[in-house]
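Below is one structure, written out as structure tokens; comments come after it.
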Amino acid sequence: MLDAWSELHGGIDPRGSFWVERWVLLSNACARPLVRLGITPNVITVCGAAVTAIAFAVTFAGRGWFAVAAVVILLAAVLDGVDGAIAAQTGAATQWGRVLDTMADRWSDIFLAGIVVMAGAPPWSGVVIAVLTLFLEGTRATAQAAGMKGPGTVTVWERPSRVILAFIAMVVATVVWQVGLADGVARTLAAIIAGIGATLATIGLLQLFVAVFRQTRGLRA
């Protein structure tokens, strides 16, 4: 299963990271009963994006629901790994599935940035995070179309980092609300979290730019 996952993810060996390997193994364990039920990867892909949208929608119910949103974010993260696990186990990976997965991921990225804003961060910070994220992924996709193999490099701002940021934003906002601290404290902490996200996104974009330059500068158009 680890080799199949590696093939679907540009040759990245999950054994190189303890956490990535455990995540892949967990995703495969969750995928097995779904495979037996005949559920396809594309169904899980759509469900993952939908669940992220639900997490974002839940935040509009008020701070008392932020803890629920945090749990829903984790569920969406699990689904994000399960679709690839199903594809690896069944050999059902298709080019359309890759396109659908990319589209779902980009919508999810936007919702995750929105969740950080709902935690109290300035709206412009969410826009910055979303734009940098889309720019990073757009650069990667363009480089791959130009002949770059795989993801180029694993940056500090991949899907797990984006999910963790939104999750932390919800947890911190929930704690602040439960303790009864002032709204200004919540906004300040959310702004700090958003700033960390924007910084990581910028670093990730620079990391990818360097990798893309090294891998494509010798390729002829």
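Within the range 188-197, which residues are within 16 Å of residue 167 (Cα to Cα) and either at pLDDT below 95 or not small (Gly, Ala, Ser) (or both)? Once the filter is applied, which keeps residues that are within 16 Å of residue 167 (Cα to Cα) and either at pLDDT below 95 or not small (Gly, Ala, Ser) (or both), the range 188-197 yields 189, 192, 193, 196.
Among the residues making up the range 199-221, a single one is in contact (Cβ under 8 Å) with a residue 60 or more places away in the chain, closer than 14 Å to residue 149 by Cα and not in a helix (DSSP H, G or I): 219.
Within the option set 216, 133, being in contact with an Asp or Glu (Cβ under 6 Å, 6 or more places away or on another chain) and either at pLDDT 95 or above or within 30 Å of residue 7 (Cα to Cα) (or both) holds for one residue only, 133. When every residue of the range 24-35 is checked against the conditions, none turns out to be modelled with pLDDT under 95, in contact with a helix residue (DSSP H, G or I) (Cβ under 9 Å, 6 or more places away or on another chain), surrounded by 17 or more Cβ atoms within 10 Å (Cβ to Cβ) and within 26 Å of residue 129 (Cα to Cα). Picking from 67, 50, which residue would you name as being at pLDDT 95 or above, more than 21 Å from residue 194 (Cα to Cα) and either charged (D, E, K, R) or in a helix (DSSP H, G or I) (or both)? Within the list 67, 50, the selection yields 50. Evaluate the following for residue 182: is it surrounded by 15 or more Cβ atoms within 10 Å (Cβ to Cβ) and among the hydrophobic types (A, V, I, L, M, F, W, C)? When the stated conditions are applied, residue 182 does not pass them.
Under the condition of being within 18 Å of the chain's Cα centre (by Cα) and closer than 24 Å to residue 93 by Cβ, the residues counted in the range 40-72 number 12. Exactly one residue among 186, 191 is of a type outside the set (Lys, Arg), in contact (Cβ under 8 Å) with a residue 24 or more places away in the chain, within 27 Å of residue 70 (Cα to Cα) and touching a Lys or Arg at 6+ places or on another chain (Cβ under 9 Å), and that residue is 186.
Looking at this structure, is residue 152 closer than 30 Å to residue 218 by Cβ and surrounded by 15 or more Cβ atoms within 10 Å (Cβ to Cβ)? Explain how you work it out, then say what you get.
Details: closer than 30 Å to residue 218 by Cβ: yes; surrounded by 15 or more Cβ atoms within 10 Å (Cβ to Cβ): yes.
So residue 152 fits the description; yes.
Please indicate, with yes or no, whether at least one residue in the range 202-214 is more than 25 Å from the chain's Cα centre (by Cα) and either surrounded by 13 or more Cβ atoms within 10 Å (Cβ to Cβ) or over 22 Å from residue 115 (Cβ atoms) (or both).
To start, the set of residues in the range 202-214 that are more than 25 Å from the chain's Cα centre (by Cα) comprises 214.
If we keep only those that are either surrounded by 13 or more Cβ atoms within 10 Å (Cβ to Cβ) or over 22 Å from residue 115 (Cβ atoms) (or both) as well, we get 214.
Checking the range 202-214: at least one residue is more than 25 Å from the chain's Cα centre (by Cα) and either surrounded by 13 or more Cβ atoms within 10 Å (Cβ to Cβ) or over 22 Å from residue 115 (Cβ atoms) (or both).
Which of the following residues is surrounded by 14 or more Cβ atoms within 10 Å (Cβ to Cβ), touching a Pro at 6+ places or on another chain (Cβ under 9 Å) and among the basic types (Lys, Arg): 106, 63, 159, 140?
Testing whether each residue is surrounded by 14 or more Cβ atoms within 10 Å (Cβ to Cβ), touching a Pro at 6+ places or on another chain (Cβ under 9 Å) and among the basic types (Lys, Arg) leaves just 140.
The set of residues in the range 25-47 that are of a type in the set (Gly, Ala, Ser) and in a helix (DSSP H, G or I) comprises 27, 29, 31. For the range 132-151, the criterion of being β-branched (Val, Ile, Thr), under 16 Å from the mean Cα position of the chain (by Cα) and closer than 21 Å to residue 68 by Cα is met by no residue.
The values are calculated or read from the model by the stated rules, or taken from the named source; none is laboratory data. Just so it is clear, the model here is predicted, and its values are computed rather than measured. Backbone-built Cβ (ideal geometry, glycine too); neighbour counts: all protein chains shown.
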